[in-house]
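Chemist: Once you've had a glance at the structure underneath, I'll fire off some questions.
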Amino acid sequence: MCAPWLPELTTAAAFAAVAAGGTEGWYAAAQYWLALIGSALLLVDSAVQRLPDALTLPAAVGTFTLLTVASAHHEPGSLGRALAAAAAAGVLFTVLALGGMGLGDAKLVISLSALLGWHSWHVALLGLMMSFLLAAVVAVFLLLARRSTRKSTMAFGPFLIIGTLAALLAHS
């Protein structure tokens, strides 16, 4: 059970990160959409190590809808690259799921990679690298603090969400 104020704090922090990026228009709406759903996914995955389809599917539908509208309004970015980044990351994470990573991560990364790919391939790769780096740092810290072992599992969704927000902030 999480603290009663944690969902609000998590959502406020995600919204503050999006606002700090200074993005406007429909692309900003896509970022806020994923910040909202991402906050819920972060808390759920942290608590039960599961990313439910009831949240990952709306995340994808909303993200692709808002990016399509942003493209129709000729906002800077590329819908084609966003779709290609989403597809590439989805395939990569599906392969990783065969080795033990969760399929929920593979579903979530589609939305997040589309949002990052809208900018550039560089930003899409930066988001994934930041996610893996942050997860590695936390894992090493937990091992050193003897709070986990090499066989312990760790939810990766929160790191994907935080890495995405960090890459978007680094790009702005």
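Please treat every number below as a calculation from the coordinates, not as lab data. Fair warning: this is a prediction, and the values are worked out from it, not measured in the lab. When we count neighbours, we look across all protein chains shown, and the Cβ atoms used for this are built from the backbone with ideal geometry, even at glycine.
Let's see how each residue does on (1) closer than 29 Å to Gln31 by Cβ; (2) part of a helix (DSSP H, G or I); (3) not basic (Lys, Arg):
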{"position": "Leu126", "(1), (2), (3)": "yes, yes, yes"}
{"position": "Met129", "(1), (2), (3)": "yes, yes, yes"}
{"position": "Leu133", "(1), (2), (3)": "yes, yes, yes"}
{"position": "Val138", "(1), (2), (3)": "yes, yes, yes"}
{"position": "Arg150", "(1), (2), (3)": "no, no, no"}
{"position": "Met154", "(1), (2), (3)": "yes, no, yes"}
{"position": "Phe159", "(1), (2), (3)": "yes, yes, yes"}
{"position": "Gly163", "(1), (2), (3)": "yes, yes, yes"}
{"position": "Ala166", "(1), (2), (3)": "yes, yes, yes"}
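Chemist: Let me ask you something else. Does Gly157 satisfy the criteria of being in contact (Cβ under 8 Å) with a residue 40 or more places away in the chain, of a type outside the set (Ser, Thr, Tyr) and surrounded by 15 or more Cβ atoms within 10 Å (Cβ to Cβ)?
Modeler: Working: in contact (Cβ under 8 Å) with a residue 40 or more places away in the chain: yes; of a type outside the set (Ser, Thr, Tyr): yes; surrounded by 15 or more Cβ atoms within 10 Å (Cβ to Cβ): yes.
Yes; evaluated as a whole, the condition is true for this residue.
Chemist: Next question. In the stretch 33-60, what count of residues is obtained for those that are under 14 Å from Met154 (Cα atoms) and either without any contact (Cβ under 8 Å) to a residue 40 or more places away in the chain or out of contact with any Gly (no Cβ under 7 Å at 6 or more places or on another chain) (or both)?
Modeler: Of the residues in the stretch 33-60, 6 are under 14 Å from Met154 (Cα atoms) and either without any contact (Cβ under 8 Å) to a residue 40 or more places away in the chain or out of contact with any Gly (no Cβ under 7 Å at 6 or more places or on another chain) (or both).
Chemist: Can I ask one more? For Ile110, work out the one condition from (1) out of contact with any Gly (no Cβ under 6 Å at 6 or more places or on another chain); (2) in contact (Cβ under 8 Å) with a residue 40 or more places away in the chain; (3) part of a helix (DSSP H, G or I) it doesn't fulfil.
Modeler: The single condition Ile110 does not satisfy is (1).
Chemist: May I pose another question? Please work out which one of (1) more than 17 Å from Pro158 (Cα to Cα); (2) of a type in the set (Gly, Ala, Ser); (3) in contact (Cβ under 8 Å) with a residue 60 or more places away in the chain is the condition Gly25 fails and give its number.
Modeler: (3)
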